[in-house]
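See structure below.
The values are calculated or read from the model by the stated rules, or taken from the named source; none is laboratory data. Everything numeric in this text was worked out from a predicted model, so none of it was measured. Because the Cβ atoms are built from the backbone with ideal geometry, glycine has one as well, and the counts that use them run over all protein chains shown.
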Amino acid sequence: MHTSALLHLLQLTSPSLPIGAYSYSQGLEAAIEQGVVCDESSSRAWIADALHQVVARFEAPILWRLLKAFEHRDIVAVANWTERHIAARDTSEIRAETMQMGFSLRHLATELSIGDPELLHLLQAQSEVPLPTALAFAAVAMNVPHDAALLGMLFSWTENQVLVCVKSVPLGQVCGQRLLLSLRPNLESAALQAQQLTDDELSNWSPGLSLLSMQHEVQYSRLYRS
C-alpha cells in the first residue's frame, strides 16, 4: 500500500473521526446491564461472536460490494446495496446509528472536497446514506485498497466494542489492549469471510441482539445511544 493510502486509511478509521462512533455500543451496553458480559472472558466471547455472526455476514460483505460499486461507478449497485443495508436495520436504534454516522461522514467528505465529480454524484444521488455507503465512497475517493478498507472497518468496529467494555464492564486499559491483540486472528478470518460470501449467503439474523437493542431503548440508565 502506498504511504498516502495508508495515511488515508488511518484517518478514516481513527476514533477521532467526527462521526460519533464513540456514542454507540450496538447492543453491548444492554448485554452488560443484564450481566451477559461481565469480565474479560465474556467480553471477548461477545465481541468475537458478534464479529463472526453479524458483522462478517452482513455489514462487512455489503461494504465490500459497495467498494466495488463505487470503484466501477455503478450507480445501480450503489443504490441496491445501500437500500438493502437500510432495510435490514431491525430496531430504531440500530437504524438511527448507521444513518447518523453515514450522514456525518457524507457531510465531512463534502466539506473536505474528496472525490471527483462523478464519484460525488454517485453519493449525492442516494436519498439516504448509511455508514457503509459513506465509508465505501470515502475509501474509493482516497484511493484506499478495498481489502485494507474492509479490514480497517472491522478493526474500527472491534476497537469501539472493546472501548465500551473498558468503560462499562469495566475493564482496565491493559486488558482492553490484550483483547484487541487476541482478536487479531478473528479480524483476519472475518475479512476473508466477508469477501467470500455470495449474495444469497448474506444474513443479519441475530434475534438475541435485536431483542437487546429493543430493551436498550427503554433501559433506565445508559451511556450509549445503542
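Among the residues that make up region 88-108, is at least one of them more than 17 Å from Ser156 (Cβ to Cβ), among the β-branched types (Val, Ile, Thr) and either loosely packed, with under 14 Cβ neighbours inside 10 Å or in contact with a Phe, Trp or Tyr (Cβ under 8 Å, 6 or more places away or on another chain) (or both)? No.
Criterion applied to Asn186, Asn204, Asn143 was being out of contact with any Pro (no Cβ under 9 Å at 6 or more places or on another chain), surrounded by fewer than 19 Cβ atoms within 10 Å (Cβ to Cβ) and in a loop (DSSP other than H, G, I, E, B), and the one residue passing it is Asn143. Restricting the search to helices (runs of 4 or more DSSP H) fully inside region 1-64 and requiring at least 2 residues that are among the aliphatic types (A, V, I, L, M) and under 25 Å from Gln196 (Cα atoms) gives 3-12, 40-50.
When residues in region 45-76 are screened for being surrounded by fewer than 19 Cβ atoms within 10 Å (Cβ to Cβ), over 24 Å from Met214 (Cα atoms) and either in contact with a Phe, Trp or Tyr (Cβ under 9 Å, 6 or more places away or on another chain) or among the charged types (D, E, K, R) (or both), 4 of them pass. Restricting attention to region 207-226, and to residues there that are surrounded by 19 or more Cβ atoms within 10 Å (Cβ to Cβ) and hydrophobic (A, V, I, L, M, F, W, C), which single residue is nearest to the chain's Cα centre (by Cα)? This residue is Leu209.
For region 109-123, a tally of residues being among the polar types (S, T, N, Q) and either in a loop (DSSP other than H, G, I, E, B) or surrounded by 14 or more Cβ atoms within 10 Å (Cβ to Cβ) (or both) returns 1. No other residue among Leu163, Leu180 is farther than 19 Å from Ala136 by Cα, free of Cβ contacts under 8 Å to residues at least 60 places away in the same chain and surrounded by 15 or more Cβ atoms within 10 Å (Cβ to Cβ) apart from Leu180. With (1) without any contact (Cβ under 8 Å) to a residue 24 or more places away in the chain; (2) of a type outside the set (S, T, N, Q); (3) under 12 Å from Val54 (Cβ atoms) as the list, and Ala190 as the residue in question, which single condition is left unmet? The one condition Ala190 does not meet is (1). Just one residue in the set Glu188, Glu118, Glu128, Glu159 is among the charged types (D, E, K, R) and within 18 Å of Ser25 (Cα to Cα); that residue is Glu159.
Looking at region 110-129, is at least one residue modelled with pLDDT of 95 or more and in contact with an Asp or Glu (Cβ under 7 Å, 6 or more places away or on another chain)? No.
Every listed requirement among (1) surrounded by 19 or more Cβ atoms within 10 Å (Cβ to Cβ); (2) more than 20 Å from Asn160 (Cβ to Cβ) is met by Leu6 save one, (1). With respect to (1) hydroxyl-bearing (Ser, Thr, Tyr); (2) in a helix (DSSP H, G or I); (3) surrounded by fewer than 16 Cβ atoms within 10 Å (Cβ to Cβ), the lone exception for Ser127 is condition (2). Reported count of residues in region 124-151, each being among the β-branched types (Val, Ile, Thr) and within 15 Å of Asn80 (Cα to Cα), is 2.
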